[in-house]
1. Could you check how many residues of region B:186-204 are more than 24 Å from residue B:65 (Cβ to Cβ) and touching a Gly at 6+ places or on another chain (Cβ under 9 Å)?
2. Considering only region A:280-320, how many residues are more than 13 Å from chain B (Cβ to nearest Cβ) and within 14 Å of residue A:243 (Cβ to Cβ)?
3. Kindly provide the set of residues from region B:262-312 that are surrounded by fewer than 19 Cβ atoms within 10 Å (Cβ to Cβ) and not in a loop (DSSP other than H, G, I, E, B), ordered by number.
4. For region B:165-194, what are the residues that are within 11 Å of chain A (Cβ to nearest Cβ), of a type in the set (Val, Ile, Thr) and either touching a strand residue (DSSP E or B) at 6+ places or on another chain (Cβ under 7 Å) or more than 16 Å from ligand 3 (Cβ to nearest atom) (or both)?
5. Which pairs do you get when a residue that is at positive phi, found in region B:61-75, comes within reach of a residue that is more than 13 Å from ligand 4 (Cβ to nearest atom) and in a helix (DSSP H, G or I), reach meaning Cβ atoms under 7 angstrom, with the pair 6+ apart or on two chains?
6. Is it true that residue A:221 is in the same structural domain as residue A:327 (by TED's automatic domain parsing), buried (at least 22 other Cβ atoms within 10 Å of the Cβ) and out of contact with any Gly (no Cβ under 7 Å at 6 or more places or on another chain)?
7. Which members of region B:249-280 meet the condition of being within 11 Å of chain A (Cβ to nearest Cβ) and closer than 12 Å to residue B:53 by Cα?
8. Looking only at strands (runs of 3 or more DSSP E) that fall completely inside region A:1-87, which ones have 2 or more residues that are more than 14 Å from every other protein chain (Cβ to nearest Cβ) and either hydroxyl-bearing (Ser, Thr, Tyr) or within 16 Å of ligand 4 (Cβ to nearest atom) (or both)?
Amino acid sequence: MSAGRDGPILSVRGLRTEFPTTRGRVVAVDGIDLDVMPAECLGVVGESGSGKSVTFLSMLGMVRLPGRVSGEVRFDGRDLLGMGARELRELRGRELAITFQDAQMALNPSLSIGSQILETLAAHGPAGSRRLFGRDPGQVGRAIEMLTRVGIPAAAERLRDYPHQFSGGMRQRAMIAIALVCNPRLLIADEPTSALDVTVQAQVLDLIAKMRRELGMSVVLIAHDLGVVAEHCDRIAVMYAGQIVELGPAEAVIEAPRHPYTQGLIASAPWLSDLTRELRPMPGSVPNLIDMPEGCHFAPRCPFRSDACLRPVAMRTAADGRQVRCIRPEAVA
Amino acid sequence: MTGAPLLQVRGVSRHFDLRNGLERLYKPAARSLVRAVDNVSFDVWRAETFGIIGESGCGKSTLGRTVLRLQDPDAGSIVFDGTDITRLGRRALLPFRRRMQIVFQDPYASLNPRRTVEDIVGQPLRVHGVGRAAGRQAAVTAMLERVGLPAESLQRYPHQFSGGQRQRIAIARALVLQPELVVCDEAISALDVSVQAQVLQLLRQLQRDLGLTYLFISHNLAVVGHFCDRVAVMYLGQTVEVGATRLLLAEPRHPYTRALLSAVPQMRRADRRPRTLLTGDLPSATRPPAGCKFHTRCPAAMDVCRTTPPALATLGDGRQIACHLHPG
Ligand SMILES: Nc1ncnc2c1ncn2[C@@H]1O[C@H](COP(=O)(O)OP(=O)(O)OP(=O)(O)O)[C@@H](O)[C@H]1O
Ligand SMILES: Nc1ncnc2c1ncn2[C@@H]1O[C@H](COP(=O)(O)OP(=O)(O)OP(=O)(O)O)[C@@H](O)[C@H]1O
Ligand SMILES: [Mg+2]
Ligand SMILES: [Mg+2]
């Protein structure tokens, strides 16, 4: 069953991920609701440990025991959390691709880069040619084209190279080539460029943007750099301690943030375009997630906190559709 | 800026030979030599913050370590407060070591997990035989207070602190000997944005109070833009443009500085400009291009760039630039 043209390609309700640890229970993902529309780019930002990676790993059945995932995740109408491992693997690689923060996790060190791309093509690619042995020349051409497009120079000569023969930035790009080679409908890119120089970062993000335009691919772009999501995303979700605290159009969230955490984040980030702007640091640091209190997770660092913040705070929707998890009236005014 | 600079770096080079002992017998040196720092010159004035930016592998850390004589240069000279320290032996160098310190990137790796904060911060005092035990403890306590850590921290271990607090411990250790020059090598790069701003504010406060001079190495152009008075842009071991930060970042002249800046993502739509995308990767460090090292990726390369390395020229606005488009 398909969700139809106008429905979201990815729809998440009440996603929750817990890890029991010896020091207590870690709720890494604490009630996430979000939709990704066809051809949309959704940015997910938040500081280290806010739960960005675990949120998306949870959706794809990639959280290992004793981690526990609950809630509802639908990809094109199909229930992902109830899906068997085999079915999920089929889906991943063909319709839905994920690139990891750490390229080491995605690349097989004992297979050449070329074989890894061809393997993906053989398993999921078009033309139904499921030949694993004996390469299809059309597919070799496609592999070279993909590597060239992610900016690997002399790609034809580098097909036989192993991951260790690539630099860190090249490994990251090879992983992106593998993810994009089957033209997925949704790409989840977890910090695709955080380890790269700005020059290479620009190349990789431009490539993703181009694929989105040409193929109508949807993208979830996880990043900690606000500039990256501001430039490349239609909407932004800001995460703090396992929750989305603000969700709205990229430009609105960056230029007129409504949640005190988003405001603090933007005030503390240096802008190249305005070097005279005074940086205003946020006090404190990201909490560790063990046995978090019931109320607003940001309250201990919030300049506006009141006793009312000690009770659980739900996401609220303003008249203009922006969502903010804050009880202050001006947050949704 | 009166008198002499605190630090004068003149034609400094540092090479790495990638051959092992056996290979040295039969492999020619030329193809295995990395010119990590290649004929670099600049001055740093007292109480100034001098930034060094450039892509990964361009030689920023090597330059920082060489300036402090943590590594020896293969050529050139380093003059600290009027004394040439390039060839000083261990003994003669010791008093200068006290006056120059370094803070590294990783607040997790650079602190010994088995030592208490008191041990860690007090270690430089012991190494240099400064004061007696009681005086040393007082100095450590005062330093911790200065970097904003509570006195109870003394008997705790690094893992009991957050990343930002650990970086404060590392800063306290670097400052406890009251140095004049502090090299910050990606000192805030591993920290979250909200904490980066806290540590930058601390560094600036300490600079005001103690008259510190910083050599601030970073790949984050926006951070350097906010924090540094002057900046040097490095490419493959060489400085290609040096000048006042505001000038350089607002009106970059070198095609590499321009490309680097145009690649930085902008928060506001109004600030976005069409990109000058660099093609290709950094050339191999062991086989840099002839002529201007940037010519293989330069959108404005001319014939002369392929054959002749440009000299560093000074322009009317005071900046220095190594580019045939700007002969000075
Ligand atoms: N297997 C696990 N067991 C216990 N806790 C875990 C586990 N995996 C993740 N966590 C915790 O879940 C929280 C969220 O982690 P996550 O990796 O999603 O953060 P993130 O937002 O992606 O951070 P970063 O920007 O550093 O990548 C962290 O506090 C982390 O320590
Ligand atoms: N000990 C060493 N042995 C061999 N080569 C080295 C050594 N240290 C540095 N290099 C090489 O020297 C060059 C400059 O390295 P350096 O670490 O100074 O760069 P960097 O600008 O600090 O990079 P990053 O931004 O990644 O920290 C690189 O090509 C590096 O591989
Ligand atoms: Mg992550
Ligand atoms: Mg370095």
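The values are calculated or read from the model by the stated rules, or taken from the named source; none is laboratory data. Just so it is clear, the model here is predicted, and its values are computed rather than measured. Cβ placement follows ideal geometry from the backbone for every residue including glycine, while neighbour counts extend to all protein chains displayed.
1. Summing the residues that are more than 24 Å from residue B:65 (Cβ to Cβ) and touching a Gly at 6+ places or on another chain (Cβ under 9 Å) in region B:186-204 gives 4.
2. Number of matching residues: 14.
3. B:269, B:270, B:271, B:303, B:304, B:306, B:307
4. B:188
5. B:69/B:93
6. When the stated conditions are applied, residue A:221 does not pass them.
7. Within region B:249-280, B:249, B:256, B:260, B:261 qualify.
8. On the way: elements: A:10-21, A:24-36, A:41-45, A:68-75.
The qualifying strands (runs of 3 or more DSSP E) are A:10-21.
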